[in-house]
1. Have a look at B:314, B:318, B:276 and point out the one that is touching an Asp or Glu at 6+ places or on another chain (Cβ under 6 Å), closer than 16 Å to residue B:383 by Cβ and either open to solvent by less than 10 Å² (accessible area, probe 1.4 Å) or within 14 Å of chain A (Cβ to nearest Cβ) (or both).
2. So residue B:306 passes all but one of these: (1) small (Gly, Ala, Ser); (2) within 16 Å of residue B:222 (Cβ to Cβ); (3) surrounded by 18 or more Cβ atoms within 10 Å (Cβ to Cβ). Which condition number does it fail?
3. Of all residues in the range A:211-245, which are within 11 Å of chain B (Cβ to nearest Cβ) and part of a loop (DSSP other than H, G, I, E, B)?
4. Testing residue A:406 on (1) touching a residue at least 60 places away in the same chain (Cβ under 8 Å); (2) open to solvent by 10 Å² or more (accessible area, probe 1.4 Å); (3) outside any loop (DSSP other than H, G, I, E, B), one condition comes back false. Which one is that?
5. Hey, residue A:113 hits all of (1) open to solvent by less than 10 Å² (accessible area, probe 1.4 Å); (2) assigned to a helix (DSSP H, G or I) but one; which does it fall short on?
6. I'd like the full set of residues that are at the interface with another protein chain (Cβ under 9 Å from one of its Cβ atoms) and either without any contact (Cβ under 8 Å) to a residue 12 or more places away in the chain or touching a Ser or Thr at 6+ places or on another chain (Cβ under 8 Å) (or both), limited to the range B:279-299.
7. What residue, of B:137, B:107, B:119, B:131, is more than 16 Å from residue B:178 (Cβ to Cβ), part of a helix (DSSP H, G or I), within 12 Å of chain A (Cβ to nearest Cβ) and of a type in the set (Gly, Ala, Ser)?
8. Residue check: is residue A:264 surrounded by fewer than 24 Cβ atoms within 10 Å (Cβ to Cβ) and within 11 Å of chain B (Cβ to nearest Cβ)?
2 protein chains.
Amino acid sequence: MSTYDKHLSRAGLALRESAIRRAGDRGMRLPDAISFAPGYPDPEGFAWEELREIARDVLSGSDPAVLQYGPTRGYPPFLAALPEVLAERGITAADADSIVTTGSQQGLDLCARVFIDPGDVVLVELPTYTGAITAFGNAQGRLAGVEQDEQGISIDDLDATLRRERQANRRVAFVYVVPNFQNPTGMLMTRQRRAELLEWATRRDVLIVEDDPYGALYFEDVSTAAETRPIKADDAKGRVVYLSSFSKTIAPGFRVAWITAPAPIVAKLEIAKQSADLCSGVLDQRMVFEILRRRVLDASLPRLRAMYQEKRTAVERALRREAGDLVRWTTPSGGFFLWATFHDRIDTGVFLDRAVAHGVIFVPGSPFYVEPRGRNYARLSFATPSVAGIETGVRRLATALREEIAATAPSERRVAG
Amino acid sequence: MSTYDKHLSRAGLALRESAIRRAGDRGMRLPDAISFAPGYPDPEGFAWEELREIARDVLSGSDPAVLQYGPTRGYPPFLAALPEVLAERGITAADADSIVTTGSQQGLDLCARVFIDPGDVVLVELPTYTGAITAFGNAQGRLAGVEQDEQGISIDDLDATLRRERQANRRVAFVYVVPNFQNPTGMLMTRQRRAELLEWATRRDVLIVEDDPYGALYFEDVSTAAETRPIKADDAKGRVVYLSSFSKTIAPGFRVAWITAPAPIVAKLEIAKQSADLCSGVLDQRMVFEILRRRVLDASLPRLRAMYQEKRTAVERALRREAGDLVRWTTPSGGFFLWATFHDRIDTGVFLDRAVAHGVIFVPGSPFYVEPRGRNYARLSFATPSVAGIETGVRRLATALREEIAATAPSERRVAG
């Protein structure tokens, strides 16, 4: 409680900090630690040389608008380039169906502004992305968790939850899903489940907010592009608000993402964005557009897939070797995350301190849930550390885990006895 | 009304579009028009050569973090450079007292989130910046206008308004002011009035949100740096939330601005920013930081002041010559704006169509008011057009004005008769 609390709004007082950001800050204060915490792409994958050339070209001074305010909707040639990007994913869209956002986090925030009034319900996967939890929660939305099975979000539980919330006279704003290599579970929703979800949303008149930052990063040993086809690709009835980003494939420092949605929704998002930040970074949009125009991703995406696949293989190999008896997980078929289930006796929120003492960091499972759960889960991002770092990090993690189990065993026996 | 309206939140349905952005879009569709509408800096003032060098240096690849996610609070060396920038304005601040924002528009939006609940009152100058009106309005704040006299916001009216609102049991969130070369009036609040405002805010326990994007751009023929001393500089009691930006002095395309405020408020703003966009553009912050570190502004600020002063002189000269009988104004002593009072018979919202037909654009006065007023006012931004463009634009404006007066005269007589 500070002396300023009386000046804060109820919404301001209720603001919740991001658990990932907190863990990330912790990592930055420990430069020798191996961090599996933040979902940061590996800068080795950035197209440094091309970006230097592009910066030189766009700053040549021939177009003064490159450093000027830009349209709220986005840099028009970039918007005009998006239909081709989307078409590769099976999505048919016109230029007018998209709006640039300052990272997908702003996309989530704009959705919160446009769809959520205080007390409205947002249906989310259990577990789900913490950035979505904070964006929707800070708009004073009420988050209702829906179970996932091995195919993805459970339609039965989704329908039961919807009916329960509507019976309680609460307005359901939308259902939020991350079908491709979900954050935090790394899970890929099956094509069949996507079809069922879309059918359900149409039948129940619920909007789907589909967040797809990782779709392009499938691992070719266990997955295919076809399996990442967005729900939006089959959205004949305009049920889907689709968010995607170049933060994982070009670089996050640019803060260039976008939303593709039915035109009346995009128009509303644009007005919300006017008061949020007027426009996204103009030089950033130009640079990302030039990466697209020069077809840099054609060459870099296969390389990125292979790089992250190798890291995924490294983290699994190390976990099997060092801690096969203490950790369970499902092989990630793309993206950045391995969702680890630890020994029952581990409370990852408590265990983190010991892990930090051993020089390894992760994000505990609980913050990804909207109810008290996830006690013995952890999200391990294998994207940022090198393969050697992954090896070292998992070794440290295993040592810390064995210590924690030994340390917690007696007190449990006392409780039992 | 679209078929999606039922999916929108009340806040989403109530979102208001920015009048300036609308006028700006109009200008972009008419490439031959002279636009006095948007408050865009002149790209002639951007440090193109230095920025090209800086881009090359920071993208050299020696620091991979330049394209990575960054801390929500901002790039630490940039935050560490702000105290010196602030000290030049008389403000004593530690690194921890500031947070980077994605343009000052995000600063206004974060203030809205942290301070305003639906129905809370924000006290604003009459007229005031439309971007503030939309940011505070979209948070469902209730904007209460306060008169200005030739010294700035009227303390008597401010106090009367505060008492009225509190008597009506409404929570007053803060008072919002733009003391330096106000948007839209170009007005400079006197030092005495600033002191009175701060004393009043302390006495009445009201926070001041002080927005200062133009302070560095005073015109040396009629003004001095001392006159632009921010209210924040004398804020011993921590009453002032100070917003400033490099959009007008380096370039707006970077979207790099900041807020300096008491540390507990900055901590709250940081949490709000986490869910708003995670972090501002990282390359952008690096580039702006390098501009500061290399002391580019030391040379460019005097040049910018002279450039905008010359334009101010040009617009006044042209107005006097072409339309001295039809337009009144007060000489702007800095910034980008001349606030024009037209002949009583002109309704600038209606007149804009005729002006556009003559190839000249401005922003009508009404959107800058939070009550039905400003009918015969217009904001003329003299920052973007060249001196020759200003001459042509004012000529067109004068022709359109004479036509409008001739066209409206008979119908007024009919009404009177």
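The values are calculated or read from the model by the stated rules, or taken from the named source; none is laboratory data. The model shown is predicted, which means the values in this text are computed figures rather than measured ones. A quick note on method: Cβ atoms are made from the backbone with ideal geometry, for glycine too, and the neighbour counts reach across all protein chains shown. Only protein heavy atoms, including side chains, enter the accessible area calculation; ligands, DNA and RNA are left aside. Shrake-Rupley method; radii C 1.70, N 1.55, O 1.52, S 1.80 Å.
1. Sole residue among the options that is touching an Asp or Glu at 6+ places or on another chain (Cβ under 6 Å), closer than 16 Å to residue B:383 by Cβ and either open to solvent by less than 10 Å² (accessible area, probe 1.4 Å) or within 14 Å of chain A (Cβ to nearest Cβ) (or both): B:318.
2. Of (1) small (Gly, Ala, Ser); (2) within 16 Å of residue B:222 (Cβ to Cβ); (3) surrounded by 18 or more Cβ atoms within 10 Å (Cβ to Cβ), only one is false for residue B:306: (3).
3. Of everything in the range A:211-245, those that are within 11 Å of chain B (Cβ to nearest Cβ) and part of a loop (DSSP other than H, G, I, E, B) turn out to be A:237, A:238, A:239.
4. It fails just one condition, (1).
5. (1)
6. B:279, B:280, B:281
7. None of the others qualify; the one that does is B:137.
8. Yes; evaluated as a whole, the condition is true for this residue.
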